[in-house]
Amino acid sequence: MGARLKFSIETARRYPLSFVLKVLVVGSALLTLGALFFLLAYIIVNGVPHLKPSLFAWKYNTKNVSLVPALLNTLIIVGIPLIVTVPLGVFSAIYLCEYAKKGSKVVEVVRITAETLSGIPSIVYGLFGLLFFVIYLRWGYSILAGSMTLSIMILPLIMRTAEEALLSIPTSLREASFALGAGKLRTVFRIVLPAAIPGILSGVILGIGRIVGETAALIYTAGTVPRIPGSVFSSGRTLAIHLYTLSSEGFHTNEAFATAVVLLIIVLLINALSAGLARRLGGGN
Amino acid sequence: MKKSLIVLLVGVLVACVARVGMAFDAGRDINVISREAGSGTRGAFIELMGIEAKTDEGTIDRTTVEAIIANGTDVVLASVANNPYAIGYISMGSLDERVKALKVDGVTPTQENIADGAYKVARPFNIAYKELSIVAQDFVDFIMSAQGQKIVSGSYIPVVEAESFTTNRPSGRIVVAGSTSVSPLMEKLQEAYAKLNPNATIEIQSSGSTAGMLGAIEGTCDIGMASRELSDAEKEQLTYLVMAQDGIAVIVNNDNPVDNVTSDQLRDIYVGDVTRWSL
Amino acid sequence: MTMQVEKLMHAVFFIAALVSIIAVALICIFLFANGIPAMREIGFLDFLLGQRWAPMNSPPSFGIFPMIVGSIYVTAGAIIIGVPVGVLTAIFLAKYCPAKLYRVVKPAIQLLAGIPSVVYGFFGLMVIVPFIRTYLGGSGYSILSASILLGIMILPTIIGVSESAIRAVPREYYEGAVALGATHERAVFATVVPAATSGILASIILGVGRAIGETMAVVMVAGNQARVPSSILQGVRTMTTNVVLEMGYAYGLHRGSLIATGVILFVFILMINLLFSVLKRRTNYGS
């Protein structure tokens, strides 16, 4: 692989177009990484000096602006949508790939609606959550309203990645299983699904990433109370909303950057964990 | 490959730092920064500065359409701190050394000058309610007591010389909602109150002055907060109290040589008649 | 017994597949029921084509034409910046990147997706805005700043989906081309990438969705002026920022008009999706 990254004048003269394309490809990758690196450096330089133990106090008050309650809320608001959505998303992907007849109208409609869902902006989800969960179902600003809003939001993501993972599994694998006398369900759960787990997990990672970073869909559904919730019906802010509210009144910019660092570390941990998990499960097969 | 990455980064960093060395150019356009429609701070500012105009049909906010709209005090602060040509306005309680507060008509915005009325750009922090539960009444009593007003005096101007507060610790839940400018003060008050009366739980939602008043009218919150005068319709339906006075500081970048503006100049800048820093 | 379980699970899978249909139906019903009456009261054309947005005036004006234009400009800018870089980076990851480097680069790009938009917004405010102000003029709060920021923000989406699409292309395509004497680049760009077109298009749909729907970052760098801009160095207000700026304060018709802004945004998304699915079907026929 490494040879493909070498730039030689000789090949450049013989295949100028190829050379230009290679420069573009490598340049783009550098640009992406450069943007990431610069962003990270900016957050770390501004945030790390302000990481104080008081930020991690068990209870929030206006002096310590502790992020612990927000952190717990984030875990809950990541957890509930995943519990709701991962089975739903994977099951519907199974239906689309393994069960539905080719060219079926239902499949067509499900695909279109899933694509529609994935295009809906988070602020529109926020409006919908406010109108449906908060007002119509009378849940008020609550963890549950926020979680359900996010469940719908990440559903298409989970569905699409699961579907792509299922599709990428060679038909021969399924046929071999059938040939050995396994039924459809057994084939799906014992053969196809295990092979698709790394793909599904990558969707889960993307979903977690979206939830952790989400503000617009939560601000009008889960509310902004900086406290550990008593139940799923009380309001609670996630880390991202914590960051947003901290920064919007001008007192705590430094703490906001420190909170951003913590948030990044969490995202990094989740990613590393899931990647490790995917590698182990992927290796098992 | 690593080398080119480093070169790229250094280039961007140098470019960002380079602008600090540039001198202030008074010929450049003023970058007017305002708050969103409905913000209590904006409402108070346009009323005090005569940016709001009365017509036969009602009132019109004449703030120039070219004004940059910042959705929070910190966004205004950060924008002005990073932009030598910007002007903005924020709650005086949020003022810090990253920006310079201008004198208005020659008067420095200090707590004394606001208290004796010399600094004109000031507005009340109101709390409003329909009916108070026993515990909510206790909390309001605390806000208006000597202890409560002492907390107010931290960054704002207290409004009453009050007696010391005692409580018989009623229990219950209070929902306080409204102005994002009042919320930081309300959180401090709530913490101090919680020490005196651990039986009460107080939930603070910062949702904006208008939403707070509406919540109090509709009963979705017990106490509404507003960082502006109440409208006549709101006054009709609610009981209200002024809990503090807050100045609105007009802020510019620290590199800006301007120290003083007149109210007329301020109005002209925000209406869009004056667009250059050579005032 | 097994037959029954098979049937039961078949039904379960089917119902799961229906959830997305139900979700879309609910979203439509609740948005439209709250937005349409407000639009009718304002006047449909006055709302869509009105140039003036002054909700707090009496009498108020609710024209969102500047916001519609704003959303289109900013999204187009983000696509122009983000798509080429994103797709080329995906090609790099799938076809150029050595395995060792990949183990570092891939998680890094996933991290990019996890950075909250508020942080992007602050970054834009502190770095991109002053940069544009100093070197290109204007206040820095501009279509250009928002486009650059959104261009970066949609990268992980575009890279992720494009990369898996490129990887899903059978190896034979590439190997066949190389066997016929094509260079690595030619094999990749003339056989593998065209075969992955539908996946790459899907990544662009997701990218457009993210760009047009991004709120918290745009609100900090776009300037939010509710008027039609005449240069990319001028500020702009998008439909999303219109909602988030004023929703907290709004009540009555003002609130209805903000929900109606959400409805228009939603209709835009529907149109984009429709366009892309037509486009996608045509590509599938071609190959």
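Each value in this text was obtained by applying a stated rule to the coordinates, not by laboratory testing. Predicted model only: the values in this text are computed from it and were never measured. No Cβ is skipped: glycine too gets one built from the backbone with ideal geometry, and neighbour counts run over all protein chains shown.
So what's the back-of-envelope 222 nm ellipticity for chain A, counting only DSSP H runs of four-plus at -39500 (n - 2.57) apiece and dividing by all residues, rounded to 500?
Working: 10 runs with 185 residues, N = 285.
One gets -22000 deg cm²/dmol as the mean residue ellipticity at 222 nm.
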With the stretch B:158-279 reduced to its Cα atoms and the Debye formula applied, log10 I(q)/I(0) at q = 0.12 1/Å amounts to -0.64
Using a Gaussian network for chain C with springs between C-alpha atoms less than 10 Å apart, which of these wobbles most: C:Ser198, C:Ser162, C:Ser142? C:Ser198
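So for the stretch A:78-118, what percent of the C-alpha to C-alpha distances run longer than 15 Å?
Values: 400 of 820 pairs.
Everything past 15 Å amounts to 49 percent.
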Calculate how steeply helix C:65-91 sits against the longest principal axis of the alpha-carbon atoms of chain C, using the helix alpha-carbon long axis, and give the answer as 0 to 90 degrees to the nearest 10. 20
If the protein assembly as shown were replaced by its equivalent ellipsoid, with semi-axes equal to the square roots of 5 times the Cα gyration tensor eigenvalues, what would those be, largest first, whole Å? 48, 32, 25
Relative contact order (%) - the stretch C:24-69, alpha-carbon pairs under 8 angstrom, separation at least six: 27
By the scheme Lys and Arg +1, Asp and Glu -1, what is the net charge of all other residues having a beta-carbon under 15 Å from that of B:Gly172? -3
Over chain A, consider all pairs of different Cα atoms and compute the Kirkwood hydrodynamic radius from their mean reciprocal separation; express it in Å, one decimal. 21.8
Just C:Thr215, C:Thr183, C:Thr191 to compare: in a GNM of chain C, with alpha carbon springs under 10 Å, which one fluctuates most? C:Thr183
What do you get when you divide the Cα radius of gyration of chain B by 2.2 N^0.38 Å, with N the number of residues? 1.15
Using only the alpha-carbon atoms, what does the stretch B:32-136 span along each of its principal axes? Please give whole angstrom values in decreasing order. 51, 38, 27
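Okay, helix-only estimate at 222 nm for chain B: each DSSP H run of n ≥ 4 adds -39500 (n - 2.57), divide by all residues, round to 500 deg cm²/dmol; what do you get?
Values: 10 runs with 97 residues, N = 279.
For chain B, the value works out to -10000 deg cm²/dmol.
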Starting from the stretch A:1-54, pick out the chymotrypsin sites (Phe, Trp or Tyr not before Pro) whose DSSP state is loop and whose Cβ has at most 10 other Cβ atoms within 10 Å. A:Phe7
Return the whole-Å distance between the Cα centroid of the stretch A:104-179 and the Cα centroid of the stretch B:90-111. 50
Pairing the Cα long axis of helix C:155-168 with the longest principal axis of chain C, what angle in degrees results, from 0 to 90 and rounded to the nearest 10? 30
Give, as a single signed number, the net charge of other residues whose beta carbon lies under 12 Å from the beta carbon of B:Arg276, with Lys and Arg counted +1 and Asp and Glu -1. -3
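Need one value for B:27-38: mean number of C-beta atoms belonging to other chains within 10 Å of its residues' C-beta atoms.
Counting Cβ atoms of other protein chains within 10 Å of each residue's Cβ and averaging gives 5.
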Once you average over the residues of C:249-260, how many Cβ atoms of partner chains fall within 10 Å of each Cβ? 4
Using the reciprocal of the averaged 1/r over all distinct C-alpha pairs, how large is the Kirkwood radius of the stretch C:2-54 in Å? 14.5
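Quick one, could you list the DSSP H helices from chain A stretching 20 Å or more along their long axis (Cα atoms) with average Kyte-Doolittle hydropathy of -1.0 or above? Write down the numbers at each step before the final one.
Numbers: long enough: A:16-47 (46 Å, 2.01); A:68-94 (38 Å, 2.13); A:105-119 (21 Å, 0.59); A:143-167 (35 Å, 1.42); A:193-213 (29 Å, 1.69); A:253-284 (47 Å, 1.34).
Span-like helices in chain A: A:16-47, A:68-94, A:105-119, A:143-167, A:193-213, A:253-284.
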Pair-distance profile P(r), taking every C-alpha pair of the stretch A:154-217, with 10 angstrom steps and integer %: 22, 39, 23, 11, 4, 0
Footprinting proxy, A:Arg227, B:Arg98: sorted fewest to most Cβ within 10 Å, the residues are B:Arg98, A:Arg227
Rh (Kirkwood, all Cα-Cα pairs) for the stretch A:6-114, Å, reads 20.3
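Taking loop as defined by DSSP and a crowding limit of 12 other beta carbons within 10 Å, which trypsin sites (Lys or Arg not before Pro) in the stretch A:136-180 fit? Working shown, then result.
Numbers: sites: A:Arg138, A:Arg160, A:Arg174; in loops: A:Arg138.
Sparse-neighbourhood loop trypsin sites (Lys or Arg not before Pro): A:Arg138.
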For chain B, list the DSSP H helices whose alpha carbon atoms reach 15 Å or more along the long axis and whose average Kyte-Doolittle value is 1.0 or above? B:2-18
With Cα coordinates, the longest principal axis of chain C makes an angle with the long axis of helix C:252-286, in degrees rounded to 10, of 30
Could you work out how far the C-alpha centroid of the stretch C:1-41 sits from that of the stretch C:220-256, in angstrom? 32
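For the stretch A:96-128, which trypsin sites (Lys or Arg not before Pro) pass both filters: DSSP loop (anything but H, G, I, E, B) and at most 15 other C-beta atoms within 10 Å? Kindly include the intermediate steps, with their values, before the conclusion.
Working: sites: A:Lys101, A:Lys102, A:Lys105, A:Arg111; in loops: A:Lys101, A:Lys102.
When the trypsin sites (Lys or Arg not before Pro) of the stretch A:96-128 are filtered for loop state and at most 15 Cβ neighbours within 10 Å, A:Lys101, A:Lys102 remain.
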If I build a Gaussian network model for chain A, linking alpha-carbon pairs within less than 10 angstrom, which residue out of A:Ala12, A:Ala196, A:Ala260 has the largest mean-square fluctuation? A:Ala12
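Can you compute the FRET efficiency between C:Glu41 and C:Val12 using 1/(1 + (r/R0)^6), with r the Cβ-Cβ distance and R0 = 51 Å? Round to the nearest 0.05. List each step's numbers first, then the result.
Values: r = 45 Å, r/R0 = 0.88.
Computed FRET efficiency for C:Glu41 and C:Val12: 0.70.
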B:Ala233 versus A:Leu17, label points 7 Å from Cα toward the beta carbon: distance in nm? 6.6
Just counting partner chain Cβ atoms within 10 Å, what average do the residues of peptide A:126-139 show around their Cβ? 4
Could you work out how far apart the two model spin labels at B:Asp25 and A:Leu173 are, taking each label as a point 7 Å from the Cα in the direction of the beta carbon, and quote it in nm? 6.2
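Dividing the convex hull volume of the alpha carbon atoms of the stretch B:81-167 by its residue count, what do you get in Å³ per residue?
Details: hull volume 11.6 nm³, N = 87.
About 133 Å³ per residue, rounded to a whole number.
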B:Pro198: net charge of surrounding residues, Cβ under 15 Å, Lys/Arg +1, Asp/Glu -1, itself excluded? +3
Give me log10 I(q)/I(0) at q = 0.13 Å⁻¹ for chain C, Debye formula, one equal scatterer per alpha-carbon, no solvent. -1.01
